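Structure first, commentary second.
No value in this document is a laboratory result; all are computed from the given coordinates. Owing to the predicted nature of the structure, the values given are computational and were not obtained by experimental measurement. Please note: Cβ atoms are built from the backbone with ideal geometry, for glycine as well, and neighbour counts cover all protein chains shown.
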RNA sequence: GGAAGUUUAGCUCAGCUGGUUUAGAGCACCUGCCUUACAAGCAGGGGGUCAUUGGUUCGAAUCCAAUAAUUUCCACCA
């Protein structure tokens with residue numbers, strides 16, 4: 001048993017001082033570090049934040065959950081390993097670097113690739129990893145020795161090898177395709193990085209005059225409707241539906257593009273909807289994905305009039321150099337002046353925006369690298385369908401399935417410099433070799449043409465999509481040699497830690513990351529990358545708005561931590577974090593966390609301050625309290641474990657919270673608390689301290705700092721000892737009936753207190769109490785102490801106030817304080833209610849169908865209800881008579 | 001346009017396999033207390049036609065259907 005400490009503790013808990021102290025202690029003692037051993041592993045890889053990112057509330061939620069899981073596993077005796085790291089985030093980082101350089105007057109276009117990368121690495125060294133420092137403030141127990149970065153040499157090699165592997169397998173190809181072009185970031189992006197938003201725009205109806213045989217305009221015209229008048233110069237045809245009789249007369253005719261008077265044919269294709277717009281579609285193969293398809297079918301020329309910035313080029317002939325949106329305004333005016341504008345309609349249509357830069361996506365034809373996903377997706381779908389991976393909450397299975405069944409080829413090349421460069425080398429004749437290194441590429445090239453020299457080989461200028469490295473994360477953090485090299489035997493770490501246990505992440509990256517990790521796991525490990533995926537919600541403000549910089553509704557977590565302490569922030573975040581639901585964050589939740597810290601702190605101050613009389617007699621009320629709380633603690637542990645198993649972290653937390661606050665502090669401590677000036681007996685004290693110790697261990701995964709601080713102060717600890725490696729308390733046997741009896745006693749106490757409040761009787765004033773009905777004698781001392789009962793009397797003939805708990809009639813004789821008529825009215829109202837209740841129960845029991853169909857236990861329960869109601873009615877009638 | 005989810009107290013949510021006396025919790029609210037751990041607290045209290053309608057059933061917050069509201073995901077109708 002823990003020895004008595006006489007150490008003075010501060011009246012107030014000071015998180016700032018305590019948190020830094022213990023985090024340093026944990027680091028010094030390498031408490032977070034894990035090495036493979038004979039224990040069962042429990043592994044989490046962090047969803048790597050952007051290397052130049054700053055901690056926001058979403059990170060707080062995610063990493064708190066991760067930390068709770070990892071600390072819980074550690075205390076459950078598993079070998080817990082949480083691998084931290086950062087993501088190079090190619091677009092996001094590159095655009096930050098570009099912006100930063102622009103501030104200094106340096107433009108990316110003026111730099112060589114090497115010069116730019118030098119700046120980028122400098123920036124990374126300077127700002128990279130700030131977020132990892134911030135995670136330490138939150139208390140994250142990551143194994144920092146294992147910190148990884150997706151662009152460190154070893155991990156980049158893994159990415160390169162993966163590319164080569166899939167290329168040689170025939171799953172990666174290079175081809176001209178219509179891709180999503182981001183004119184701000186100057187790169188292609190994948191379909192998943194495009195966000196479609198309904199956007200207010202206009203529908204312009206334009207008049208195209210029909211050309212005569214010489215290509216001169218006639219008086220006849222047709223009208224097309226478009227949202228993009230600035231692209232008419234790139235039109236290759238006008239298309240109508242072959243079934244549309246209105247336009248049959250146009251067969252074989254040509255029309256003239258307004259303003260530039262270039263003649264284009266009228267063609268027919270089923271794609272055109274007859275009843276949409278005017279039924280005439282302008283076909284612009286270079287600047288619209290559909291039009292490109294139509295163009296392919298009809299062998300139309302492709303004329304690109306937009307440059308990489310989204311500005312019109314000289315091929316447009318007019319408005320050259322203008323931005324596409326500026327040009328749109330101008331061309332409308334020109335069309336109007338030329339008499340080609342029929343009308344403008346208000347129109348709302350979905351427009352694609354870049355996830356990163358928010359620029360309007362421009363469909364653009366370009367040569368890119370793609371990965372075929374069909375086969376990979378099929379296998380990855382199976383992992384979830386079969387239950388090898390569980391998604392929590394389950395509703396995400398549908399989302400996941402839908403994406404997997406419709407997965408398009410993945411555009412993996414990006415026209416950026418910050419990232420893993422594509423390991424493809426071009427020979428002077430245009431043929432390509434794909435190898436892991438320049439040396440191997442040269443070798444391969446020489447197999448084609450022995451005269452090739454190294455300087456003649458040109459490496460592809462593009463880099464790979466960031467997610468093409470993140471999808472290897474659960475493998476490459478342990479053994480970077482494995483991805484792309486199926487014959488490489490997994491090293492000790494990978495064999496031990498893979499598959500990881502749980503993944504906690506936001507649903508917004510289910511396709512970007514989660515799905516693709518499953519594919520990579522399947523391909524390179526023939527096993528899932530994790531067992532469970534817990535999807536958090538999005539953190540919103542209390543009005544339900546997404547947190548954003550522009551709204552200014554996103555608090556800085558570090559400021560919160562400084563103000564309230566990390567434990568409070570963690571608790572505040574978890575209180576409202578049921579899986580899959582959005583989190584409505586409000587600072588009052590963090591205040592609640594702080595209040596809980598104070599409660600724990602003060603409870604220990606109380607117990608710590610008791611004078612212990614080792615040989616003192618244990619009062620009966622204390623004996624009962626200890627027996628009760630011991631049972632309740634066991635029952636709660638069972639509940640909490642069940643919640644954890646189901647990833648119901650906030651329910652687990654609430655169960656512990658209430659156990660500590662309502663049961664331990666408000667009820668238990670009040671019962672065992674020695675009278676003023678007296679000491680506490682040794683047995684009660686030991687039990688009280690032991691309960692406290694167990695509850696600290698239950699709370700520790702959620703609130704690591706205050707629990708360590710108090711646990712350390714409870715007894716002399718060995719150097720390096722920590723609550724982190726204590727074992728989760730185990731539930732012992734408990735007697736549910738005893739707990740129920742105690743609850744009944746608590747309700748009687750509450751009843752007495754209510755009478756006191758109502759009659760304004762001070763708690764100090766002892767009362768008499770008459771209990772009629774089934775109350776265990778053991779509970780009397782508990783009731784006496786908690787409700788300040790000076791005497792239990794057998795009968796209560798005079799004026800009294802009464803209430804009923806279950807079937808126990810409780811009466812407090814209160815000569816002179818009872819308002820008879822008021823009391824009578826109260827009893828009558830209750831009587832009325834009970835009679836109605838009885839009538840309801842009897843109606844049920846009188847129903848032959850019910851008695852015949854319902855299970856016996858349910859019928860018996862109804863009979864018990866009937867009997868109880870009768871007993872209460874009898875008691876109430878007696879009270880009424882006495883009044 | 002397609003799909004999925006949600007709807008229970010002022011707010012945020014539990015309520016799992018339909019049955020447990022009057023549907024729960026946290027926060028907020030009201031009343032009374034500075035009672036010798038804690039006013040960041042203690043004690044007590046009020047508050048819900050379980051979105052609507054219909055169905056299944058002896059019995060529905062719970063299962064089914066429709067409707068409404070709302071959220072999210074997917075989707076290239078110019």
Distance histogram for the range A:295-336 (every C-alpha pair counted, 10 angstrom bins, percent rounded to whole numbers): 29, 41, 26, 3
Volume per residue (Å³) of the convex hull spanned by the alpha carbons of the range A:609-752 is 132 Å³
Largest-first ellipsoid semi-axes for the range A:101-161, taking √(5λ) over the Cα gyration tensor eigenvalues, angstrom: 29, 19, 6
Would you please state the base-10 log of I(q)/I(0) at q = 0.12, 0.20, 0.29 1/Å for the range A:767-823, with intensities from the Debye formula using one equal scatterer on every alpha carbon? -0.27, -0.74, -1.30
Most exposed first, judged by fewest Cβ atoms within 10 angstrom, A:850, A:370 run A:850, A:370
Taking Cα atoms of the range A:452-590, Rg/Rh with Kirkwood Rh, to two decimals? 1.13
Compute the Rg/Rh shape ratio of the range A:768-879: radius of gyration over Kirkwood radius, all on alpha-carbon atoms. 1.08
Looking at chain A, what % of its DSSP beta bridges pair antiparallel, to the nearest 5? 70 percent
Can you list, bin by bin at 5 Å, the percent of alpha carbon pairs in the range A:518-675, starting at 0? 2, 7, 12, 14, 14, 12, 11, 10, 7, 4, 3, 2, 1, 0
Could you quote the convex hull projected area for the range A:85-127, Cα atoms only and averaged over all directions, in nm²? 3.1 nm²
Counting C-alpha atoms alone, how compact is the range A:400-478: give Rg to one decimal and Dmax as a whole number, in angstrom. 16.1, 51
Could you give log10 I(q)/I(0) at q = 0.14, 0.16, 0.20 Å⁻¹ for the range A:97-202, computed by the Debye formula over C-alpha point scatterers of equal weight, without solvent? -1.02, -1.19, -1.23
Among the Cα-Cα pairs of the range A:730-829, the proportion with separation greater than 17 Å, in percent, is 52 percent
Semi-axes (Å, rounded, descending) of the ellipsoid equivalent to the range A:269-394 per its C-alpha gyration tensor are 38, 19, 18
Dimensionless Rg ratio for the range A:27-136, taking C-alpha atoms and the 2.2 N^0.38 Å reference: 1.39
Semi-axes of the equivalent ellipsoid for the range A:522-603, please: Cα gyration tensor eigenvalues, times 5, square-rooted, ordered largest first, whole Å. 30, 19, 12
As a footprinting exposure proxy, order A:31, A:597 by other Cβ within 10 Å, with the fewest listed first. A:31, A:597
Apply 1/(1 + (r/R0)^6) to the Cβ-Cβ distance of residue A:203 and residue A:296, taking R0 = 25 Å, and write down the FRET efficiency to the nearest 0.05. 0.45
Helix axis angle, A:704-714 relative to chain A longest principal axis, alpha carbon, degrees: 30 degrees
Cα-based Rg of the range A:181-317 normalised by 2.2 N^0.38 Å, two decimals: 1.10
Quick one: order A:837, A:629 by neighbouring beta-carbon count within 10 Å, fewest to most. A:837, A:629
Wrap a convex hull around the Cα atoms of the range A:658-727, take a quarter of its surface area, and give that in square nanometres. 5.6 nm²
Quick check on chain A: helices-only [θ] at 222 nm, where DSSP H runs of length 4 and up contribute -39,500 (n - 2.57) each and the sum goes over total residues. Nearest 500, please. -13500 deg cm²/dmol
Helix A:15-28: inclination vs chain A longest Cα principal axis, degrees, rounded to 10, gives 70 degrees
Over the alpha carbons of the range A:1-88, what is the largest minus smallest coordinate on each principal axis, giving the biggest first in Å? 51, 37, 22
Count the DSSP beta bridges whose two residues both fall in the range A:758-839, then state the antiparallel fraction as a percent rounded to the nearest 5. 70 percent
Just to confirm the number: angle between the C-alpha axis of helix A:57-75 and the first principal axis of chain A, 0 to 90 degrees, nearest 10? 60 degrees
Projected-area mean, the range A:164-261, by convex hull of Cα positions, square nanometres: 11.2 nm²
Sorted from largest down, what three extents in whole angstroms do the Cα atoms of the range A:320-378 have along their principal axes? 55, 27, 22
If you take the Cα atoms of the range A:358-514, find Rg, then find the Kirkwood Rh from the mean of 1/r over all pairs, what is Rg/Rh? 1.03
Measuring from the lowest to the highest alpha carbon on each principal axis, how far does chain A reach, largest first, in angstroms? 120, 67, 56
